[in-house]
Amino acid sequence: MLKSKEYKFWFATGSQALYGDECLQEVAEHSRIMVEALNKSGNLPFEVILKPTLIDNVSIRKIFNEANGDDSCAGVITWMHTFSPAKSWILGLQEYRKPLLHLHTQFNEEIPYDSIDMDFMNTNQSAHGDREFGHMVSRMGIERKVVVGYWNDAEVQSRIADWMRTAIGIIESSHIRILRVGDNMRNVAVTEGDKVEAQIKFGWEIDAYNITDIAEYVQAVSKGDIDNLVDEYYSKYDILLEGRDAAEFKRHVAVQAGIEIGFERFLEEKNYHAIVTNFEVLSGLQQLPGLAIQRLMEKGYGFGGEGDWKTAAMVRLMKLMTQGIKDAKGTSFMEDYTYNLVKGKEGILQAHMLEVCPTIAQGSVGIKVTPLSMGKREDPARLVFTSKPGKGVATSLVDLGNRFRLLINDVDCLPQDIQMPKLPVATAFWRPEPNLATGAEAWILAGGAHHTAFSYDLTAEQMGDWAAAMGIEAVFIDKDTTIRNLKNELRWNSIAY
Ligand code: MN
């Protein structure tokens, strides 16, 4: 169900009329060659569209307003080939509302030492013109990304590609609709938050429904539809009976199939992209949604446990940002559960009661049916697996009362070669940067939640850029984190925000 638009990015080259037609033709030709090469590189996830060279206030304002009005445009990439007096950019920038990338590059990679003359210098002066442009964007306080380097360099293209995914997160954020089934878990603080402010800041629509409304959809699912989906489960996943009666096991699995179909119909009909459940509120459902929620997450829906709509929205957002990545390793809702504090083997066992997304699974995925220690429903079926090893980013969006803060922690998922035969849930085991002790201390000082939105396929830089575009505070916890600096950063941020 993870449908996203065929987004495009516009390439706008800045110049001015002063240099004459011949120079402007060369500028346009260079931009054409660059855009064509960018599109052919295979390194960008979205197409770049070349726009006419911008030389004055009228043409600049027109392009930015057209970009605002074009639903398929997810951002504008600007580059000053020559000098472009930045007062010409003020009104266009003022009216522009989409992500902005300032690509600080130049057509030639190397200075042509043997032939360089003043004509060449006047035509190729990005070092000059891009500073004038950058000054104005900074003066106007507009959030943008600056990428520096030769445009045909794979590393530079990869940075453009990363920004494009951040831009999708910025554009798509205001289309995310979150379905709350019941309220937040009673007495829990960190999953709460200001939903009005969240809509102002992020554009999220966050609506509550009664559990009985959605349970009716589950009860209405036909036996034929359930049987078909159960067949799919049985062909796709390992069936781990562990002593349970095969027919009884299958009946439990079928309950989750009904929940998956019923929930998805409800979400689709009412146009929601993320969902929260609460194990305290299950009237009309035979089991806590486990396998069903895991499958919905795999399809691209956001999820947060115990009514955690902030994390549900973040999971959805990060799934949109990572969509279509070749060899993507996965994105999931996650929860910090248990530590291993043994020296040299430190880490945090990540899981949830049931709901971990199978996109992060390493190897085969199984189904188990076991009792849930909480709640009063029948034993839920769930998908079990361990996660892929590798680096990822764990994010936690918290509401501090006067503002939102996004914590962004680089984490390293370690190979899980030790069996946990009695643990019937999907798990990851990660070590936060810079190490467990400092990482966890920093996380706690910054007020981070126990729930996270986790991805292998995004970087801290991308998430920080997204937060900056939303106008919220971002706190990074990574290899450079020291507690003394972090405490000062939090203190200074409290004034800045
Ligand atoms: Mn939880």
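Name the strands (runs of 3 or more DSSP E) wholly within the stretch 352-459 that hold at least 3 residues that are closer than 19 Å to residue 319 by Cα? Please lay out each step first, then the result.
Details: elements: 361-369, 381-387, 390-399, 404-413, 428-432, 451-455.
The strands (runs of 3 or more DSSP E) meeting that bar are 390-399, 404-413, 451-455.
Among all residue pairs at least 6 apart or on different chains, which show Cβ distances below 6 Å where the first residue, located in the stretch 236-256, is within 19 Å of residue 222 (Cα to Cα) and the second is open to solvent by 60 Å² or more (accessible area, probe 1.4 Å)?
Within 6 Å, the pairs are 255/286.
Which of the residues spanning the stretch 477-493 are touching a Leu at 6+ places or on another chain (Cβ under 8 Å) and not in a helix (DSSP H, G or I)? So that I can check it myself, show each step before the final result.
First, pick out the residues of the stretch 477-493 that are touching a Leu at 6+ places or on another chain (Cβ under 8 Å): 477, 483, 486-487, 490.
Answer for the stretch 477-493, where residues must be touching a Leu at 6+ places or on another chain (Cβ under 8 Å) and not in a helix (DSSP H, G or I): just 477.
Looking at the stretch 296-319 only, could you name the residues that are crowded, with 24+ Cβ neighbours inside 10 Å, farther than 20 Å from residue 390 by Cβ and more than 16 Å from the ligand (Cβ to nearest atom)?
301, 316, 317
Restricting the search to the stretch 278-295, which residues are modelled with pLDDT under 95, within 15 Å of the ligand (Cβ to nearest atom) and of a type in the set (S, T, N, Q)?
Scanning the stretch 278-295 gives a single hit, 278.
So, residue 230, is that one closer than 23 Å to residue 367 by Cα, in the same structural domain as residue 185 (by TED's automatic domain parsing) and among the β-branched types (Val, Ile, Thr) or not?
Values: closer than 23 Å to residue 367 by Cα: yes; in the same structural domain as residue 185 (by TED's automatic domain parsing): yes; among the β-branched types (Val, Ile, Thr): yes.
Considered against the rule, which asks whether it is closer than 23 Å to residue 367 by Cα, in the same structural domain as residue 185 (by TED's automatic domain parsing) and among the β-branched types (Val, Ile, Thr), residue 230 comes out as yes.
Where residues in the stretch 440-482 are more than 16 Å from the ligand (Cβ to nearest atom) and in contact with an Asp or Glu (Cβ under 6 Å, 6 or more places away or on another chain), which of them is farthest from residue 308 (Cα to Cα)?
Result: 479.
Please verify whether residue 426 is within 16 Å of the ligand (Cβ to nearest atom), in contact with a Leu (Cβ under 9 Å, 6 or more places away or on another chain) and of a type outside the set (Lys, Arg), treating the condition exactly as stated.
Details: within 16 Å of the ligand (Cβ to nearest atom): yes; in contact with a Leu (Cβ under 9 Å, 6 or more places away or on another chain): yes; of a type outside the set (Lys, Arg): yes.
Against the criterion (within 16 Å of the ligand (Cβ to nearest atom), in contact with a Leu (Cβ under 9 Å, 6 or more places away or on another chain) and of a type outside the set (Lys, Arg)), residue 426 qualifies.
Among the numbered criteria (1) part of a loop (DSSP other than H, G, I, E, B); (2) within 16 Å of the ligand (Cβ to nearest atom); (3) not acidic (Asp, Glu), which one does residue 221 miss?
Checking residue 221 against (1) part of a loop (DSSP other than H, G, I, E, B); (2) within 16 Å of the ligand (Cβ to nearest atom); (3) not acidic (Asp, Glu), the one that fails is (2).
Determine, yes or no, whether residue 294 is touching a residue at least 40 places away in the same chain (Cβ under 8 Å) and assigned to a loop (DSSP other than H, G, I, E, B).
Numbers: touching a residue at least 40 places away in the same chain (Cβ under 8 Å): yes; assigned to a loop (DSSP other than H, G, I, E, B): no.
The answer is no for residue 294.
Here are 231, 238, 183: which of them is touching a helix residue (DSSP H, G or I) at 6+ places or on another chain (Cβ under 8 Å), more than 28 Å from residue 5 (Cα to Cα) and of a type in the set (Asp, Glu)? Spell out the reasoning first.
Values: 231 fails: touching a helix residue (DSSP H, G or I) at 6+ places or on another chain (Cβ under 8 Å); 238 fails: touching a helix residue (DSSP H, G or I) at 6+ places or on another chain (Cβ under 8 Å).
The match here is 183.
Return yes when residue 358 is within 15 Å of the ligand (Cβ to nearest atom) and open to solvent by less than 40 Å² (accessible area, probe 1.4 Å) and no when it is not.
Values: within 15 Å of the ligand (Cβ to nearest atom): no; open to solvent by less than 40 Å² (accessible area, probe 1.4 Å): yes.
No.
The values are calculated or read from the model by the stated rules, or taken from the named source; none is laboratory data. All values derive from a computational prediction rather than experimental measurement. Quick reminder, even Gly has a Cβ in these numbers, built from the backbone with ideal geometry, and neighbours come from all protein chains shown. These area figures cover heavy atoms from the full protein model, side chains too; ligands, DNA and RNA do not enter into them. Shrake-Rupley method; radii C 1.70, N 1.55, O 1.52, S 1.80 Å.
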